[in-house]
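Colleague: I have a structure I would like to understand better, so I am pasting it below and will then ask my questions one at a time.
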Amino acid sequence: MQSTPAARNRTWLFCATAIALQLSACGRTSPETSQQLAAFGTIITLRYYQTPDADAAQASRELERYFRSVENDWYPWGNGELQRVNAAIAAGETIAVSPPLAELLQRSAELEQRSGGAFNPALGALTELWGFNDLLREDWRPPAAVDIAALLQHELSSRQLHWTGNTLTSDEPRIVLDPGGISKGAILAASAVILRELDIDSAIVDIGGDLLVTGSAGGHAARIGIREPDGGKAVAWLEARPGEAIVTSGNYERFFEYAGTRYTHVLDPRTGYPVVDSASVTVVHHDPVLADAAATALLVAGQRDFDELCAALGIDLALLITVSGDTRLTNGMRHRVHWQTEHDTGQSAGHDVPQ
Ligand code: AMP
Ligand code: MG
């Protein structure tokens with residue numbers, strides 16, 4: 001399978017070590033400091049502006065502690081809490097779920113409903129059938145159509161889940177819960193709370209290109225490049241404003257090619273097949289969880305249902321690029337996006353474009 005370096009990184013399963021530490025001694029306030037670490041199968045960059053170095057170092061420690069606490073527990077195919085929740089569903093058992101995971105799963109169920117099912121966090125069995133759960137797989141080929149159809153006979157939906165407080169029961173044992181389509185958004189939201197509690201009001205948390213800006217980021221608005229579907233160059237960029245999250249879902253994040261066709265990891269719940277027409281969707285919103293779910297759902301919905309789904313989800317800022325290079329934008333996004341000219345230096349999505 002071809003994938004981004006982030007996807008190839010297997011640190012989702014195993015704790016990784018910090019790869020760069022640029023924070024210096026206590027007592028100083030640097031205009032900008034940053035730290036990078038590996039978690040959730042990607043690189044996380046933490047940037048602080050006009051923040052005492054000691055405070056930035058403490059924030060990085062607290063954030064990393066939080067990342068480590070959820071990276072295994074929120075992964076369906078690890079050996080943490082979500083794996084145990086899915087085992088209980090498969091066995092037809094009732095299970096008590098910890099408050100953070102219960103909140104994530106309940107929010108994902110709400111977003112499934114609001115997206116008309118384009119976002120579906122109960123599709124893990126389909127992801128397994130396509131093999132995207134197996135990070136080491138090499139013999140990629142699509143599953144048999146008959147197996148896909150057989151799986152879709154069952155109602156793989158959060159509607160089959162019943163919550164009593166934080167205790168969960170499922171009517172459908174074939175459901176494998178996979179909140180991967182909103183987990184980065186939820187982690188961004190929790191990071192913002194941690195930073196606020198530490199009185200750090202000017203920072204950027206960037207999880208492999210999905211990011212959140214708190215405060216004014218020292219007046220350095222983050223310029224986020226939106227990459228062209230089949231290249232590393234940015235076709236456009238936009239500036240993140242205080243409190244905004246910018247989240248992108250793309251068909252290039254994880255995929256395999258078989259007989260000349262690209263099969264991407266975002267699956268269309270209606271067909272059981274990977275998304276075909278959409279190459280990437282970028283969503284900007286103050287709620288990172290909504291932004292993350294919406295980016296995934298809009299990638300599934302494609303051009304035809306773009307306006308309707310943006311309206312249903314309350315998304316004012318979204319940009320869809322199709323595999324053939326067509327674009328769809330909300331009116332709000334039309335005022336925010338800057339198209340890259342031939343002479344500009346292009347960079348990959350999620351990286352700051354030179355100012
Ligand atoms: P994202 O990068 O946020 O679009 O999330 C992609 C991940 O969400 C995939 O790797 C799957 O784990 C999961 N996923 C795939 N298809 C869907 C879908 N239609 N709805 C919700 N989650 C999905
Ligand atoms: Mg998403």
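Colleague: Looking at region 265-282, which of its residues are of a type in the set (S, T, Y) and within 17 Å of G180 (Cα to Cα)?
Modeller: Once the filter is applied, which keeps residues that are of a type in the set (S, T, Y) and within 17 Å of G180 (Cα to Cα), region 265-282 yields S280, T282.
Colleague: Every residue in region 280-305 that is surrounded by 17 or more Cβ atoms within 10 Å (Cβ to Cβ) and over 22 Å from A240 (Cα atoms), please.
Modeller: The answer is V300, A301, G302.
Colleague: Kindly indicate which of Y75, Y66 is modelled with pLDDT of 95 or more, within 18 Å of the chain's Cα centre (by Cα), within 24 Å of I44 (Cβ to Cβ) and in a helix (DSSP H, G or I).
Modeller: Just one listed residue meets the conditions, Y66.
Colleague: Anything in region 236-277 that is in contact with a strand residue (DSSP E or B) (Cβ under 8 Å, 6 or more places away or on another chain), over 22 Å from A222 (Cβ atoms) and away from ligand 2 (no atom under 16 Å from the Cβ)? List them, or say none.
Modeller: F256, E257, R262, Y263, Y273, D277
Colleague: Answer yes or no as to whether W163 is among the aromatic types (F, W, Y), under 24 Å from G41 (Cα atoms) and either away from ligand 2 (no atom under 16 Å from the Cβ) or buried (at least 22 other Cβ atoms within 10 Å of the Cβ) (or both).
Modeller: When the stated conditions are applied, W163 does not pass them.
Colleague: Test each condition in (1) modelled with pLDDT under 95; (2) small (G, A, S); (3) buried (at least 23 other Cβ atoms within 10 Å of the Cβ) for A118 and report the one that comes out false.
Modeller: (1)
Colleague: To continue, here is another question. How many residues are at pLDDT below 90 and surrounded by fewer than 20 Cβ atoms within 10 Å (Cβ to Cβ) if we restrict to region 185-227?
Modeller: 8
Colleague: Restricting to region 237-253, count the residues that are buried (at least 21 other Cβ atoms within 10 Å of the Cβ) and either near ligand 1 (Cβ under 10 Å from one of its atoms) or more than 16 Å from I204 (Cβ to Cβ) (or both).
Modeller: Total meeting the criteria: 6.
Colleague: Also: Pairs needed: first member in region 130-149, in a helix (DSSP H, G or I); second member anywhere, aromatic (F, W, Y); C-beta distance under 8 Å; at least 6 residues apart or different chains.
Modeller: W130/Y263; I148/Y273
Colleague: Let me ask something else. Given the residues I194, I182, I187, I175, which is the only one that is touching a strand residue (DSSP E or B) at 6+ places or on another chain (Cβ under 7 Å), hydrophobic (A, V, I, L, M, F, W, C) and touching a residue at least 40 places away in the same chain (Cβ under 8 Å)?
Modeller: Exactly one of I194, I182, I187, I175 is touching a strand residue (DSSP E or B) at 6+ places or on another chain (Cβ under 7 Å), hydrophobic (A, V, I, L, M, F, W, C) and touching a residue at least 40 places away in the same chain (Cβ under 8 Å), namely I187.
Colleague: Turning to a different aspect of this structure: Only strands (runs of 3 or more DSSP E) wholly contained in region 155-255 count here; list those with 2 or more residues that are within 19 Å of the chain's Cα centre (by Cα).
Modeller: It comes to 203-207, 210-214, 222-227, 234-240, 245-250.
Colleague: Please go through region 135-173 and pick out each residue that is modelled with pLDDT of 95 or more and basic (K, R).
Modeller: R159
Colleague: Which condition from (1) within 22 Å of T264 (Cα to Cα); (2) within 11 Å of ligand 1 (Cβ to nearest atom) is the one that L152 breaks?
Modeller: Condition (2) is where L152 drops out.
Colleague: Step by step: first the residues of region 88-107, then only those that are surrounded by fewer than 19 Cβ atoms within 10 Å (Cβ to Cβ) and of a type in the set (V, I, T), then the one that is farthest from L290 (Cα to Cα). Which residue is that?
Modeller: T94
Colleague: Looking at region 278-296, which of the residues that are more than 13 Å from ligand 2 (Cβ to nearest atom) and modelled with pLDDT of 95 or more is nearest to I187 (Cα to Cα)?
Modeller: H286
Colleague: Still on this structure, I have one more. Among the candidates E172, E155, which residue alone is under 25 Å from R107 (Cα atoms) and crowded, with 16+ Cβ neighbours inside 10 Å?
Modeller: Of E172, E155, the one residue that is under 25 Å from R107 (Cα atoms) and crowded, with 16+ Cβ neighbours inside 10 Å is E172.
Colleague: What are the residues in region 98-118 that are under 19 Å from R174 (Cβ atoms) and part of a loop (DSSP other than H, G, I, E, B), if any?
Modeller: Within region 98-118, just G117 meets the criteria.
The values are calculated or read from the model by the stated rules, or taken from the named source; none is laboratory data. Given the structure is predicted, the values throughout are model-derived calculations rather than measurements. Cβ: placed from backbone, ideal geometry, glycine included. Neighbour counts: every protein chain shown.
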